[in-house]
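The values are calculated or read from the model by the stated rules, or taken from the named source; none is laboratory data. Since the model is a prediction, treat every value here as computed from it, not as a measurement. In this analysis, Cβ positions are derived from the backbone assuming ideal geometry, glycine residues included, and neighbour counts consider all displayed protein chains.
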Amino acid sequence: MYGAILGDMIGAPYEFDRMKQNKDFDMFNKHIRYTDDSIMTIAIADAIMTAGIDADEQTMKAQFVRSMQKWGRKYPDAGYGGMFYHWLYESDPEPYGSFGNGSAMRVSSVGWFFDTLEKTGEVARWTAEVTHNHPEGIKGAEATAAAIFLARTGKSKDEIRDYIIAEFGYDLTQTCDQIRPWYKFDESCQGTVPVAVTAFYEGKDFEDVIRTSVSLGGDCDTLTCIAGGMAEAFYGVPDEFKKECEDRLPEDALKVLHDFSEWRTKNE
């Protein structure tokens, strides 16, 4: 999850095309901060560790709702979209047909918790369906979790890219240099996840994936959150980057991140 959270933090100051689209920028400036992407990433991991990885669909979905509402209400100013913010405070929340990229930005931990690609996809779908039950919202979550699972289990970038194309039908034919001139702010899964996969594919190491993602502009905190989760699974995260992440997280979120890291260590 370090990769996803760092992607969110580093991309946040440059959201809404607040910089020229290039890779030469100060990564750890005074403006980097966590947003709703980090809080909801924490919420999903917390929910799975609370419910247990063997929990059934009903139990898991109920815990996703409880956890997202708990964390969202605790950090109400993190930058949630309007419909999701309303959902956070509903007494009987229902999915609302969204295909927004929120389903993909919060799912990174799912790519680590489960032993098979099939189970990873199933739980990723559950994380989306409680809010983003549009087919594109579900697809974005499943594709992101699948890429992370494949990366952490030793698949090559070509194998990951080929799987994403075959399974989810995303068009990954354009390079980042081709995308950059036309790419604008886009909060949809279909406008974010394929671009994030491309940034991950082209990146030469963890830092380069982050820089490449931010350089594309648009909704670059979420774009970089998604790509950063993939990059962590493929490359790992440098210790100095982890320290920068930890220094900027509130204590309760940091505890979940550490609990998740301990779970990973025990189960790898």
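Given (1) among the charged types (D, E, K, R); (2) under 21 Å from Arg248 (Cβ atoms); (3) at pLDDT below 95, where does Asp36 come up short, assuming only one miss?
All conditions are met except number (3).
Which condition number does Gln21 fail, the rest of (1) of a type in the set (S, T, N, Q); (2) crowded, with 22+ Cβ neighbours inside 10 Å; (3) not in a helix (DSSP H, G or I) being met?
All conditions pass for Gln21, except number (2).
Could you check segment 89-111 and list, in sequence order, the residues that are surrounded by fewer than 20 Cβ atoms within 10 Å (Cβ to Cβ) and out of contact with any Asp or Glu (no Cβ under 8 Å at 6 or more places or on another chain)?
Tyr89, Glu90, Ser91, Asp92, Pro93, Glu94, Tyr96, Gly97
From (1) among the small types (Gly, Ala, Ser); (2) surrounded by fewer than 24 Cβ atoms within 10 Å (Cβ to Cβ); (3) closer than 18 Å to Ile226 by Cα, pick out the condition that doesn't hold for Ala141.
(2)
Yes or no, residue by residue, for (1) farther than 25 Å from Ile138 by Cβ; (2) surrounded by fewer than 24 Cβ atoms within 10 Å (Cβ to Cβ); (3) of a type in the set (S, T, N, Q):
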{"residue": "Gln178", "(1), (2), (3)": "yes, yes, yes"}
{"residue": "Phe185", "(1), (2), (3)": "no, yes, no"}
{"residue": "Glu202", "(1), (2), (3)": "yes, yes, no"}
{"residue": "Ser213", "(1), (2), (3)": "no, no, yes"}
{"residue": "Gly229", "(1), (2), (3)": "no, no, no"}
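Quick test of your reading of the structure: Gly218 fulfils all but one of (1) under 28 Å from Asp24 (Cβ atoms); (2) touching a Lys or Arg at 6+ places or on another chain (Cβ under 7 Å); (3) modelled with pLDDT of 95 or more. Name the failing condition by number.
The one condition Gly218 does not meet is (3).
Among the residues of segment 72-94 satisfying the criterion of being part of a helix (DSSP H, G or I) and of a type outside the set (Gly, Ala, Ser), which is nearest to the chain's Cα centre (by Cα)?
Looking at the filtered set, the residue picked out is Phe84.
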